[in-house]
Each structure stands twice: as structure tokens, then as C-alpha cells.
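Read through the structure below, which is laid out as C-alpha cells, and then see the notes.
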Amino acid sequence: MRNKFFIIAAFCTFYSFSFGQQAFYESFDSGSADGVKGKAMVFDGVFTEQSVSHDKLAMTPDFTVEAWIAPQEYASNLAAIVDREVEFKQGFIFGVNPTGKLVAGVAVKDAWISCTSHESVPLLKWSHIALTVENGKAITVFINGKKSGSTILNDLITFCNDCPLSIGKTQTKLTAANTERETSSFVKTYNRFDGLMDELNIHNTVLTEEAIAQKVNATKLAVEQPLQYHKMPSGANLPTKFGAVYTQLKYAPAWDKLWRGSEKPDIVVRFDNSPVRYVFWRGTGYIPAIVNEKDQWMSDQSLEHWGTGECYEAMGDKQARYSHVRLLENTPARVVIHWRYALAGIIHQLFPDDENGWSDWADEYWTIYPDGIAARKQVLWSKRFDTDKGSMQFQETIFFCQPGTRPQDNVEMEAITFLDMKGNKASYNWNDGPPKLKMFSNPKYQSIELVNFKANYKPFSIFDEKRVCQPFSFGNMKEYTTFPNWNHWPVQQVMSDGRNAVAPDKPSHSSLTGSNGKMQIVEKKSEGEYWASSLRGMTDSSIETLMPLAKSWNYAPPASNISVGFTASYDKYQRAYVLKSTSKNPKSILFTVNASEASPVQNLAFVIENFSEPIKKITLNKKTLKPGKDFYVGQVDGLEGTNTVVFVKVVSVNPVVIKVN
């Protein structure tokens with residue numbers, strides 16, 4: 001005799017469980033995706049779960065579970081297909097682990113016995129999976145009709161007949177696998193299946209391998225791969241009008257639904273002559289990224305403190321509780337974005353500095369010009385930087401991997417090239433893991449840095465002429481990649497400050513270099529206030545072509561012959577000359593920038609403070625420039641007056657005379 005139960009759970013999905021010698025299937029036709037037959041259920045890895053109450057089940061000690069699944073992502077630990085256990089002390093579970101392998105587990109007396117498949121269930125594609133349990137004898141798992149692992153049972157299973165059956169969710173919280181630090185190991189979360197599920201059956205009999213294979217062979221798949229990898233969003237990579245836009249960058253429906261906030265929480269900066277974008281997105285905790293024509297993302301570390309043994313940084317702020325961005329300027333001459341954040345731990349904690357409860361905070365100003373170059377100004381507010389300098393960091397070279405890719409898919413094995421201000425160059429490879437060096441020493445100073453993306457546009461950074469750095473020496477799983485690689489950030493909401501990637505299912509990041517401790521070049525502005533600067537961008541040329549830009553910034557040519565009543569100075573933090581006047585709205589301004597081979601001009605930006613008159617004409621060496629082609633103007637109003645910003649397209653190793661009318 002067999003009993004047939006129709007269970008109607010959330011999302012109005014029908015499940016059929018048969019308990020007897022013959023299996024049968026009741027359709028998932030209430031599901032929302034095409035399935036192996038009819039429709040399939042979409043499990044989103046965040047919200048979706050199903051539960052069948054214990055009084056609807058009458059399972060025997062010998063049974064079989066089978067289903068068709070197509071994983072979108074693997075969970076951070078074990079995500080159940082079906083789960084009827086209590087804290088792994090009673091009952092059983094059948095699910096998928098972080099490497100895609102099937103895991104079946106049963107409680108036996110005082111022990112938990114598990115069986116792991118030899119092979120992994122592939123991402124995105126349909127696979128048939130099965131578990132057979134012979135009580136007191138063995139548990140066996142199958143993938144696509146073939147035996148993939150078995151474990152002997154020497155005792156009878158301790159069932160939990162009063163427990164509900166959970167579908168798509170592990171009922172016991174677990175720590176994320178491959179976690180590096182003790183802090184993360186204390187955090188436990190629920191693990192849910194992310195992907196498609198169809199034709200779930202439970203039989204009160206042990207099907208043979210031949211019977212399982214027959215069922216698989218009798219099923220003809222209309223589509224073998226019903227899913228595609230998610231993709232970190234950055235907007236279209238087509239050239240468009242230069243400027244910044246507020247927007248909402250969507251990643252995946254369930255992930256998007258998690259967020260609570262405005263309709264346009266993100267910022268994207270685009271250019272009229274380049275596919276490159278600057279992206280300030282919730283999915284990174286607003287840590288800025290530069291994205292190229294192949295949607296490869298380059299980022300950098302926020303300020304970080306790890307002196308307590310745990311990481312306090314912007315990437316720990318998974319929900320962007322403390323991190324936010326806002327537009328300060330958005331004109332044809334430049335875009336200025338203010339990014340403010342706290343150095344936060346993974347459970348939203350801040351590390352207090354003083355008796356008033358103030359902790360470490362940071363302000364960053366990204367000044368982005370029409371030529372695609374950004375000047376990055378970092379300001380740290382901390383009362384312990386002077387004493388904890390060795391455990392605080394301003395900079396770390398980081399790139400992201402889109403789902404479906406590993407580090408070596410995005411960068412060459414010779415991943416980084418350095419150039420010093422004298423033209424000495426060296427490259428380093430990750431063939432056998434991170435370079436085994438305490439410090440990069442060739443060249444002695446790593447002023448210019450190019451990350452060798454497998455793309456036309458490659459990211460670069462320019463630092464102080466005496467900048468030094470070291471390779472990031474840990475974090476790689478050798479069987480997966482020779483690069484350090486973690487997937488606790490970006491995008492992921494699992495509270496972890498270090499989780500090694502072992503599969504390309506999720507967005508991940510890799511760190512190549514970093515500067516911390518006394519090697520950092522930081523300017524102390526006042527007690528508890530520290531500044532650092534750099535240039536960022538992408539280039540489709542060689543690293544040598546960046547030398548004029550580096551010289552123009554590190555050895556900015558002085559300004560002279562300035563109109564009476566004006567002063568001029570170069571501000572490295574905004575890559576611009578600042579002109580100040582004692583007179584109000586003068587009729588014209590004249591000054592010379594004394595460019596040379598050693599101190600060239602590589603496009604010219606200047607800010608005229610308290611100047612609100614419209615600019616009618618600009619000449620360069622007495623040649624009239626065309627507005628909107630040769631130069632761009634923006635005006636920014638403030639309580640104390642209006643500043644006028646001008647960006648001039650000019651490359652020169654000879655003095656240039658600028659006249660503004």
C-alpha cells in the first residue's frame with residue numbers, strides 16, 4: 001500500500017511524496033521557471049524555503065530521496081535539498097556543500113555519520129541527485145544515475161519523527177566554511193539552496209543504482225543549462241556624456257530585495273571617449289571600483305585596522321550602515337564624490353577611540369576629470385594611528401572576479417608591473433603563488449603600478465615617488481588558484497572577514513599588494529587627522545606612457561607670472577592648481593605653468609576660488625581654445641561664494657600661458 005500526500009507550501013508550489021515501492025511525481029507547475037518537466041521551483045538562497053509538517057510524513061527507516069537541481073551558487077556551508085535533523089544529533093540531511101559536492105548525513109547513537117560525493121554537481125546545469133539510506137547498513141549518494149560516494153553504517157539511525165521536513169534550507173545554523181579568522185568562526189547563519197529544483201521525490205524503499213540510472217536516462221532535458229551567472233552591475237560600457245549619475249545597480253532579485261533605502265543609492269561616473277566607468281555601489285560597501293570594457297573591476301582597500309585580531313574596515317560593513325557616498329560636484333570640468341565610512345567590524349561594531357565613544361572614521365574624496373583620471377584623497381580620523389601604525393592600512397591593491405571566473409581568468413600570471421620615477425621597471429608573477437618576498441625591492445620604489453588585466457584597458461595607480469609595498473602573501477587555496485582569493489566580499493551578506501574561495505560561483509576579490517605600517521606615506525594634518533593621496537585610472541597603453549602623468553603630479557610645475565591680486569598653488573589631493581584672489585570677480589586672469597621635461601603638463605585643472613563670472617574666452621599661449629572641446633568649465637556654489645573649475649586639454653613639456661577672460 002502506498003500513501004500519497006499533496007503538500008501546498010509557500011509560493012503555492014505542489015510537492016508529492018510517495019511512501020512505498022513505486023515512486024511518482026506530482027508536478028511543480030506552480031513554479032516560476034521552466035523545469036525538467038513542466039515548471040521548476042526557484043530557490044533564491046535568501047528567502048525561499050519550504051516546510052512539510054511532521055504529521056504529513058510517514059517515512060520508513062529505509063528510503064530514497066531524489067531530485068533534479070541546477071545550482072546558481074553554492075552556499076557558505078551545507079545547503080539542504082531536504083533536511084529533517086536537529087542540531088545534527090537526530091535525523092538526516094541531504095544537501096550541497098561549498099564546493100558543489102553532495103553531502104548526506106544521519107544521526108547514529110551519539111555520532112553524526114556523513115557521506116560526501118567524489119564529484120561536484122556543476123553550477124547552472126541540471127543534475128539528477130539521489131540519496132539512498134539502508135538503515136544500519138549504508139548511506140549512498142548518486143549524481144546523474146551513477147554512484148558517487150558511500151559510507152557504512154554500523155548502527156541504526158536516530159530518526160526525528162516529530163521534526164518537519166525542510167526543503168531548500170538547512171535547519172541548523174552553521175559557520176561559513178573556509179573561514180580564516182576566529183571572529184568569523186563565531187558567526188553562524190542559515191544556509192539555503194540557491195538555484196532550481198524539480199521532481200523532488202521521497203520513496204519508502206531503497207532504489208538500486210540501476211533503477212536510479214533508468215529514471216535519469218528516461219528524462220530528456222529540453223535545456224541542459226537553464227541558468228546564467230549573476231553579474232556585478234556597472235551600467236552600459238558605451239561612451240556617453242561625461243558625468244556622474246545617481247542610479248540603482250541591480251544584482252539579483254533576492255539580493256536587491258534585501259536592501260532598505262532610496263530608489264537611487266548608487267553612483268556611476270561615465271566618459272564620452274572611453275568605456276571605463278567608476279562605480280560606487282552598495283555591493284562593495286561603496287568601496288570605489290573602476291570597471292573596463294570587459295566588465296572587469298579594479299578596486300582598492302578602504303582604511304583598515306586589525307590590531308585587535310579582527311578586521312575593522314569598510315568591507316566589514318555588509319549592509320552599508322556607516323558607509324555612504326554623495327556627489328559634491330558634477331560639472332563638465334570634473335566630478336567630485338565624497339565617500340564617508342566607519343572602520344566597522346562584521347557584526348556592525350565600531351572600535352571606540354575615546355571616552356566620548358568616537359571611533360575610527362574616514363572621509364575620501366574622489367576627484368574625477370574628463371580624461372578618466374581620479375585623484376584620491378584619503379582622510380583618517382583616529383587617535384591611535386601614531387601608536388598602532390603597524391596594524392593600520394591606507395592602501396591595498398584589489399581586483400574583483402565576476403561569478404564564473406577565477407583570478408587567472410582576469411589577470412595575467414605576470415599580474416603586476418612597477419615603474420619608478422627614474423624609469424626602472426619590473427614585473428612579478430603568481431605562477432607558484434604570491435611572490436615570496438617581504439617587500440618588493442625591484443625597483444626600489446613602486447611609484448607607478450599597473451595591474452595586467454586580460455583586457456584592452458588595464459588599471460593603474462600612481463603614488464608618491466618613494467612609495468614602497470609588499471606582496472599579499474596569504475589567502476589562496478592552491479587546488480583552486482595561485483592568487484589570494486576570497487568571496488566574503490563583495491556582495492555577500494555572510495558575516496565574515498575572511499573566507500577563501502574554492503569555487504567561482506560568487507563574486508570574489510584578490511589582493512596583490514599592500515602598504516602598511518611605517519612604509520606608508522601619510523601626512524599628519526592635525527592631532528588625530530591623517531591624509532594620503534594617489535591617482536587612479538585605466539589605460540590602454542603601456543606603463544611607460546604613464547610617466548608624464550606621474551611627473552606632472554609628483555613634480556607639478558610651478559605657476560608664475562600670476563595676475564596682480566592672485567596667488568596660485570598646486571593641490572596634489574585634487575590634481576589642480578588653486579587660484580585665490582583678493583579682488584572680487586576680476587575681468588581677466590593670467591598665469592604661467594612652467595612645464596618642462598622633468599615637470600610636464602598632462603592636462604591642466606585649476607580652481608578659481610570666489611569667482612562666479614561666466615568665462616567667455618580662454619587662450620593657451622595666445623591661441624583661443626574651443627569650449628566643450630579644448631576646455632570645460634564648471635561652477636560650484638557655496639555659502640561663502642562660487643568656485644569656478646576649469647579643465648584644459650593640454651600636454652606640454654614647455655611653459656604654457658593661460659589667460660581667462
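Tell me, what is the percent relative contact order of the range 143-286, built from C-alpha pairs under 8 Å that lie six or more residues apart?
It comes to 17 percent, rounded to a whole number.
So how strong a dipole does the chain carry about its Cα centre when Lys and Arg Cβ are +1 and Asp and Glu Cβ are -1, to the nearest 20 debye?
Dipole of the chain, to the nearest 20 debye: 2100 debye.
Below 14 angstrom from the Cβ of Q296, what's the summed charge of the other residues (Lys, Arg +1; Asp, Glu -1)?
+1
What order do you get for K506, K525, K125 when you list them from fewest to most C-beta neighbours inside 10 Å?
K525, K125, K506
What does the extension gain come out to for D55 and K109, with contour length at 0.36 nm per residue minus their alpha carbon separation?
So the extension gain works out to 17.0 nm.
Which three numbers, in whole Å and largest first, are the semi-axes of the equivalent ellipsoid of the range 80-130 derived from its Cα gyration tensor as √(5λ)?
23, 10, 8
Which trypsin sites (Lys or Arg not before Pro) does the range 235-320 hold that lie in a coil by DSSP with at most 16 other beta carbons within 10 Å?
Answer in residue order: K241, K250, R260, K294.
May I ask which of K101/K294; K56/K318; K56/K220; K572/K622; K89/K147; K444/K551 have a Cα-Cα span longer than 29 Å here?
K101/K294; K56/K318; K56/K220
R0 = 45 Å: FRET efficiency of S473 with K89, Cβ-based, nearest 0.05?
So the FRET efficiency works out to roughly 0.65.
Which GluC sites (Glu not before Pro) in the range 194-258 pass both tests, a DSSP loop state and at most 14 other beta-carbon atoms within 10 Å?
Filter output for the range 194-258: E224.
Positive end of the dipole of the chain, charges at C-beta (+1 Lys, Arg; -1 Asp, Glu), about the Cα centre: which of G498, N516, S234 has its Cα farthest in that direction?
Positive-most Cα among the choices belongs to S234.
Would you list, by chain and number, the aspartates and glutamates whose Cα falls below 14 Å from the Cα of K584, excluding same-chain residues fewer than 8 positions away?
Cα-Cα hits under 14 Å: E609, E613, E640.
Give me K169, K146, K587 sorted ascending by neighbouring Cβ count inside 10 Å, so fewest comes first.
Sorted ascending by nearby Cβ count, the order is K587, K146, K169.
With just the Cα atoms of the chain, tell me how far they stretch along each of the three principal axes, in Å, largest first.
If we take the Cα atoms of the chain, the spans are 103, 49, 46 Å.
Which order results if E182, E293 are arranged by neighbouring Cβ count within 10 Å, fewest first?
E182, E293
Please report, to two decimal places, log10 I(q)/I(0) for the range 86-204 at q = 0.11, 0.12 Å⁻¹ as given by the Debye formula with identical point scatterers on the Cα atoms and no solvent.
Summing over Cα pairs of the range 86-204 leads to -0.39, -0.47.
At q = 0.19, 0.20 Å⁻¹, what is the base-10 log of I(q)/I(0) for the range 314-471 according to the Debye formula with one equal point scatterer per Cα and no solvent? Please give it to two decimals.
-1.36, -1.37
Tally the DSSP beta bridges in the chain and give the antiparallel ones as a percent, rounded to 5.
Of the beta bridges lying entirely in the chain, close to 95 percent run antiparallel.
Which distance in nm do the two modelled labels at V223 and T240 give, with both placed 7 Å along the Cα-to-Cβ direction?
Spacing of the two 7 Å Cα→Cβ label points: 2.8 nm.
Rounded to the nearest 0.05, what FRET efficiency do D62 and L258 have when you use their Cβ-Cβ distance and R0 = 30 Å?
The value I calculate is 0.15.
How much net charge surrounds T247 when only other residues with a Cβ under 15 Å from its Cβ are counted (Lys, Arg +1; Asp, Glu -1)?
Residues near T247 contribute +4 overall.
Dipole of the range 260-398, Cα-centred, from +1 at each Lys and Arg C-beta and -1 at each Asp and Glu C-beta, to the nearest 20 debye?
Dipole of the range 260-398, to the nearest 20 debye: 420 debye.
Under a Cβ-only charge scheme (Lys and Arg +1, Asp and Glu -1), can you give me the dipole magnitude of the range 3-217 about the Cα centre, in debye to the nearest 20?
So the dipole magnitude of the range 3-217 works out to roughly 80 debye.
Give me the percent relative contact order of the chain, please, defined on Cα pairs under 8 angstrom at least 6 residues apart.
10
State, to one decimal in nm, how far the label point of N424 lies from the label point of T642, with both points 7 Å from Cα in the Cβ direction.
Distance between label points: 5.1 nm.
Take the alpha carbon gyration tensor of the range 3-217, find the square roots of its eigenvalues, order them as a ≥ b ≥ c, and report rounded if a/c is under 1.5; if not, report prolate when a/b exceeds b/c, else oblate.
Verdict is rounded for the range 3-217.
Using a basic spin-label model with each label point 7 Å from the Cα along Cα→Cβ, how many nm lie between K231 and M519?
Result for the modelled spin labels: 3.7 nm.
Which of rounded, prolate or oblate describes the range 383-488 when judged by the alpha-carbon gyration tensor and an a/c cut-off of 1.5?
It is oblate, given that a/c is not under 1.5 and a/b is not larger than b/c.
So what's the back-of-envelope 222 nm ellipticity for the chain, counting only DSSP H runs of four-plus at -39500 (n - 2.57) apiece and dividing by all residues, rounded to 500?
-1000 deg cm²/dmol
Just subtract the alpha-carbon distance of Q349 and K383 from 0.36 nm times their residue separation and send over the number in nm, one decimal.
Between Q349 and K383, full extension yields an extra 10.5 nm.
Going toward the positive end of the dipole of the range 319-435, with +1 on Lys and Arg Cβ and -1 on Asp and Glu Cβ, which of A374, P403, L328 do you reach last?
L328
Could you work out Rg/(2.2 N^0.38 Å) for the range 243-543, with Rg from alpha carbons only?
Dividing the Cα radius of gyration by 2.2 N^0.38 Å gives 0.94.
Every read-out reported here was derived from the displayed coordinates using simple, explicitly stated rules and does not represent laboratory data. Note that the structure is predicted; figures quoted are calculated from it, not measured. Reconstructed Cβ throughout: ideal geometry from the backbone, glycine too, with neighbour counts over all protein chains shown.
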